[in-house]
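Take a look at the structure set out below.
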Amino acid sequence: MEGEGECSDNPFTSVMTLTKMRVPHVPQRYVLPPSQRPNLTLDLTTTLPIVDLSTLHHASQRSLTLDTIQGACKELGFFQVVNHGIPLPVIHDALAAATEFFNLSLEEKMTLLSDNVHNPVRYGTSLNHASDKVHYWRDFIKHYSHPISDWIHLWPSNPPSYKDKMGNYAKAVQVLHKQLMEAILETLGLNFGNLQKEIEEGNQLMAINCYPACPEPDLTLGMPPHSDYGTLTVLLQSGPGLQLQDNKKKWLSVPFVEGALLVQLGDQIEVMSNGQYKSVVHQVTLSAENKRLSIASLHSLPINKKIGPAPELVDEQHPVSYNEFSFRDFLDYISSNDIADKRFIDSIKKSV
Ligand code: OGA
Ligand code: NI
């Protein structure tokens, strides 16, 4: 029955439900302590790097583009890409499938509800509705996506076009991730060939996020500050809302560029690079007027593969700075720790 999640004997309430109820204020569990509230008036004039990926295929432009990527990885752990090879209709279809999914009845979405982070497909709200002390203004569906034939039968069967539309986008992003990894490993002086098989056989987790308009966007967040665990996250957004920290811990708002995709460095790259590159800390802010959708494609090496600093990047001046970890280690960590309190990467840094 629609509205089931609002009953007091069922603690699950999606933010789409709160939006339908037109709550005039955010419920108390969403209110952040003042020190954690966002600054919604950040300077939008800072230009963040945009990389034209078509230039990587031209011998004369390639090294200049790699320099831009290297600079972006060092300063921000972030850049946007255009001419990335994913056609605009594929992007629009993926966002349309996401919109339709979140517009389904709560009853329909609840069939996929799970608070178990090890489940390959799960619907939920906030970070983890079962354990969050403070709640975040986000609903999500997450699913494993690569190789797609292993997982697609578990994806939502409603809306009926979901599997097709999201599948086309998922496959295209997997290809893009490989190209980006090739470029980024080159900027670190690492041999792509050594990792190619593990990149091709790696894990792809898609997090499809819905951030409805929020009555009090200055009191809460869509997602708290965090970094992603994997190699790279490729993020597609329907509008502005993402903020990130530069290497001086200054918050910046990411400008919205139609058709562009955002690339975020994750903890596996930070570890592999032995700290030369840092995973980017980011958070999601909300709007009082507009709903925002995003599709984060989180890539990592195979789930049980332990990743440590590349031996080529370790010497006397640069001793091993991180312990090894796998995606599974990360999942085990978030099953029993609140990542809004302590970052995973801090738990694997070696103390010197
Ligand atoms: C994530 C994430 C950002 C966004 O899903 O890890 O950071 O804009 N998403 O939705
Ligand atoms: Ni993230």
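The values are calculated or read from the model by the stated rules, or taken from the named source; none is laboratory data. In this text, all values refer to a predicted model and were calculated from it rather than measured experimentally. Neighbour counts are summed over all protein chains in view; Cβ atoms, including those assigned to glycine, are modelled from backbone coordinates with ideal geometry. All accessible areas refer to the heavy atoms of the entire protein, side chains included, with ligands and DNA or RNA removed. Shrake-Rupley method; radii C 1.70, N 1.55, O 1.52, S 1.80 Å.
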According to the Kirkwood expression over distinct Cα-Cα pairs, how big is the hydrodynamic radius of region 1-134, in Å?
-> 19.4
Residues with amide H under 5 Å from that of ASP228, placed H, sequence gap 5 or more = ASP267, VAL280
Net charge, PHE330 excluded, C-beta distance under 10 Å - Lys, Arg +1, Asp, Glu -1 = -3
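From the helices alone, meaning DSSP H stretches of at least four residues, give me the mean residue ellipticity at 222 nm for the chain, per-run term -39500 (n - 2.57), in deg cm²/dmol to the nearest 500. Before the final figure, lay out each step's value.
Numbers: 10 runs with 104 residues, N = 352.
Estimated from H runs of four or more residues: -9000 deg cm²/dmol.
At a Förster radius of 45 Å, what calculated FRET efficiency corresponds to the Cβ-Cβ distance of SER157 and GLU316, to the nearest 0.05?
Details: r = 57 Å, r/R0 = 1.26.
About 0.20, to the nearest 0.05.
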Taking a label point 7 Å from the Cα of VAL90 along the Cα→Cβ vector, which residues of region 27-70 have an amide N closer than 16 Å to it?
-> 53-54
Anyone know which of LYS109, LYS20, LYS142 comes out most mobile in the 10 Å Cα GNM of the chain?
-> LYS20
A 1.4 Å probe over the protein heavy atoms gives the chain a carbon and sulfur accessible-area percentage of 52
Once phi for every residue in region 333-348 is put through the Karplus expression 6.51 cos²θ - 1.76 cosθ + 1.60 (θ = phi - 60°), the whole-Hz ³J(HN,Hα) values, with Gly and Pro written as x, are 4, 6, 5, 10, 10, 9, 6, 6, 8, 9, 6, 4, 4, 5, 7, 10
Simple spin-label estimate for GLU75 and ARG22 in nanometres, 7 Å along Cα-Cβ | 4.7
Compute the long axis of helix 59-75 from its Cα atoms, compare it with the longest principal axis of the Cα atoms of the chain, and write down the angle in degrees, 0 to 90, nearest 10.
-> 60
Please give the peptides 162-172, 27-37 ranked by average Cβ packing (other Cβ atoms within 10 Å per residue), highest first, as a rough proxy for protection.
-> 162-172, 27-37
How far is the Cα center of region 218-263 from the Cα center of region 84-106, in Å?
-> 19
Could you pull out the longest piece of the chain with no exposed loop GluC sites (Glu not before Pro) in it, calling a site exposed if DSSP puts it outside H, G, I, E, B and it has at most 13 other Cβ atoms within 10 Å?
-> 3-200
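Please report, in whole Å³, the volume per residue of the convex hull around the C-alpha atoms of region 115-169. Please report the intermediate quantities before stating the final value.
Values: hull volume 4.9 nm³, N = 55.
Convex hull volume per residue, Cα atoms: 89 Å³.
Please report the projected area of region 107-233's Cα convex hull averaged over all directions, in nm². Please report the intermediate quantities before stating the final value.
On the way: hull surface 39.3 nm².
Seen from a random direction, the Cα hull of region 107-233 projects 9.8 nm² on average.
Quick one: compute the contact order of the chain, relative version, from alpha carbon pairs under 8 angstrom and 6+ residues apart, as a percent.
That works out to 20 percent.
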Amide H neighbours of SER114 under 5 Å, counting only residues 5+ apart in sequence or on other chains, H built in-plane at 1.01 Å?
-> TYR123
Which lysines does LYS350 reach when only Cα atoms under 28 Å apart count, and residues fewer than 8 places away in its own chain are ignored?
-> LYS74, LYS248, LYS249, LYS250, LYS278, LYS305, LYS306, LYS342
Size of electric dipole in region 134-173: Cβ of Lys, Arg +1 and of Asp, Glu -1, about Cα centre, debye, nearest 20 | 80
Base-10 log of normalised Debye intensity for the chain (one unit scatterer per alpha-carbon) at q = 0.07, 0.09, 0.11 Å⁻¹ = -0.28, -0.47, -0.72
Report, in debye and to the nearest 20, how large the dipole of the chain comes out about its Cα centre when Lys and Arg carry +1 and Asp and Glu carry -1 on their Cβ.
-> 280
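For SER149 and ASP338, FRET efficiency with R0 = 41 Å and r from the beta-carbon atoms, rounded to 0.05?
Values: r = 35 Å, r/R0 = 0.85.
Plugging the Cβ-Cβ distance into 1/(1 + (r/R0)^6) gives 0.70.
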Hey, can you find the accessible area per residue of the chain for me, probe 1.4 Å, expressed in square angstrom?
-> 44
Pairwise centroid distance, computed over Cα atoms, of region 271-342 with region 7-69, Å | 17
